[in-house]
1. How high is the FRET efficiency between A:S172 and A:L25 when r is their beta carbon distance and R₀ equals 35 Å, given to the nearest 0.05?
2. Hey, rough spin-label estimate for B:S166 and B:I234, points 7 angstrom out along Cα→Cβ, what's it come to in nanometres?
3. Under DSSP H, which helices of chain B have Cα atoms covering 24 Å or more of the helix axis and a Kyte-Doolittle average no less than -0.5?
4. Take the alpha carbon atoms of the protein assembly as shown, find their radius of gyration, then divide it by 2.2 N^0.38 Å using N residues; give the quotient.
5. Rounded to the nearest 500 deg cm²/dmol, what is the calculated helix-only ellipticity per residue at 222 nm for chain B, with -39500 (n - 2.57) per DSSP H run of length n ≥ 4?
6. When ranked by the protection proxy of mean other Cβ atoms within 10 Å per residue, highest first, what sequence do the peptides A:187-193, B:260-266 form?
7. Lys pairs in chain A, Cα-Cα under 30 Å, at least 8 apart or on separate chains: how many?
8. For peptide B:42-50, compute the average count of partner chain beta-carbon atoms within 10 Å of each residue's beta-carbon.
Amino acid sequence: MSETLTRRAAIAAAGGLVLAGCDKLSGSPTVQKILSGAEQLNLTGQRLVLTTSQPLAREYPASEISRDFKANGTVRPDSDEYRRMVLTEFTDWRLKIDGLVRKSASWSLDELRTMPSRTQITRHDCVEGWSAIGQWTGVPLSHLLQQTELMPNARYVVFRCADDLIGSRDGSGLYYESIDMVDAFHPQTIMAYAMNGKPLPVPHGAPLRLRVERQLGYKMAKYVMRIEVVEEFSKIGFGKGGFWEDRGYEWYAGI
Amino acid sequence: MTAEIAEQKLSVARRTRSGRELIYRHSLFVRIAHWVNAGCFAILLMSGLQIFNAHPMLHWGVKGDEADPSLFSIYAEDQLEGAPIGWVQIGAAKVNTTGYLGLFRDRDGFLSGRAFPWWVTLPGYQSLAEGRRWHFFFAWLLVINGFAYLAYGFAARHFQRDLAPSKGDVRSFGRSVLDHLRLRHPRGEAAKRYNPLQKLAYLTVVFVLFPLMVITGLSMSPGVDTAAPWLPDIFGGRQSARTIHFITATLLILFVLVHVVEVLLGGFFNEMRSIITGWFAVRPEKSGRQI
């Protein structure tokens, strides 16, 4: 009896050691760096099929729209500035676009609404595993980028947002995201100001959010205040290209 | 020609010290592929449970989030008084799994409300980001290893020779099932081949379950779905594909359990020697005993 107990304890202890070793291994930056090699394979593999013909993500009939589309991440930015914008219904909000562009610009919400628009009913896949279907209306990002005339060294489009998920006071936790020109010029990549036929609600990113339909939800920045065109993003945030990327998630979120 | 090679193979047959015949059962290629696959499966399973913990419910169809009905879920339910309860819900039924699933003591001793406990996830603490990195890296390794194994299996006629069921296998299938139930293992000439049930199990794992794991996994990728919208359609949508991914993983766990039990029953030392060195000792026929 006592022998089986000690044997069991020994097995449990050995198992515990193995598992503790796994955690140490998983937490090691070197191991994470090796593992992240798969991200390059995912990007290269998917781009092989996605770049050549720029296929569209599936669009669904209106009957498929989720009745209760989950709002994830920040659902109401708590800065005074954002609260004031909500109270004034974003009438003094302007989308700025600058960086590696010949003509930097800024547009009001009404100006964006008069531009060419695209409406799409698409499936939103969260990195957590769930999916919801919603209808989005907005200006194709390609239209905005064409207006500003990109410089030859422009490689990434960075979205600067109003939400601070970790509640930092110094702005270091402000949400941001980045995509490259392949996704930026995709016809379904839009800056959405409406969801399911109504102005974009606050939990879903009012007044404007990004839709990049061929990637996961965390790429689709909400509460976008400014668009910045850059050659590299290593000096922004912690240098990984986005709020979640800085916290260990893949920059390429096509899987 | 083939007969000559077979002849040579026979001539290299050795004997154990106790006089049992040793046959070269597993080629080096198959042995390496087996262990790479086993390692990948363990890591994919544990990192997969970590990923599942980020949304511990399964749905059917294209869409599904917390507001939608679920076929299966694991969750902790707060109580007005006392500790929360861990539940596993399957359809309309639910089972109290406090301590194991949904609610358990974390490594530091504190109660934790995650679905799968720390000792079956990779990493043991909650980290969807790290779980995903492990999962995708070893998924690539599993797929590369799997394709190499398939190419070898057909080219070297391993599948045709060792796994393809013969007419005799079909006839003796019922007896094979009975033998398994009685935990009776073949001896002599019969022990040199895979038995009918064993062939069926291996064929299912190699040609159905592992391919299904990979295809349902790919069906969850928004990038892949854009390039091949028909892929998630096969399963009835992205969330169905996720559910089938989980069910298939469960079937693979069942296979591994039976596989390991058979190794123990069939003679642990001999079976391990054969999958490490290739050499397998054949148990002689029992003389004077009629079945």
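What follows draws every value from the coordinates through simple rules; no lab data is involved. All values reported here derive from a predicted model rather than from experimental measurement. Here Cβ is always computed from backbone atoms with ideal geometry, including for glycine, and neighbour counts include all displayed protein chains.
1. E(calc), rounded to 0.05, equals 0.75.
2. Going by the 7 Å Cα→Cβ label model, 3.3 nm.
3. Numbers: long enough: B:28-52 (35 Å, 1.52); B:128-155 (40 Å, 0.79); B:238-276 (44 Å, 1.14).
Membrane-span-like by this criterion, though nothing is claimed about a membrane: B:28-52, B:128-155, B:238-276.
4. Values: Rg = 28.3 Å, N = 546, 2.2 N^0.38 = 24.1 Å.
Taking N as the residue count of the protein assembly as shown, the ratio is 1.17.
5. Using -39500 (n - 2.57) per qualifying helix, the result is -16500 deg cm²/dmol.
6. Numbers: A:187-193: 22.6, B:260-266: 13.1.
Going from most to least packed, we get A:187-193, B:260-266.
7. Lysine pairs satisfying the spacing and distance rule in chain A number 28.
8. Values: counts 0, 1, 0, 0, 2, 2, 0, 0, 1.
Average per residue, whole number: 1.
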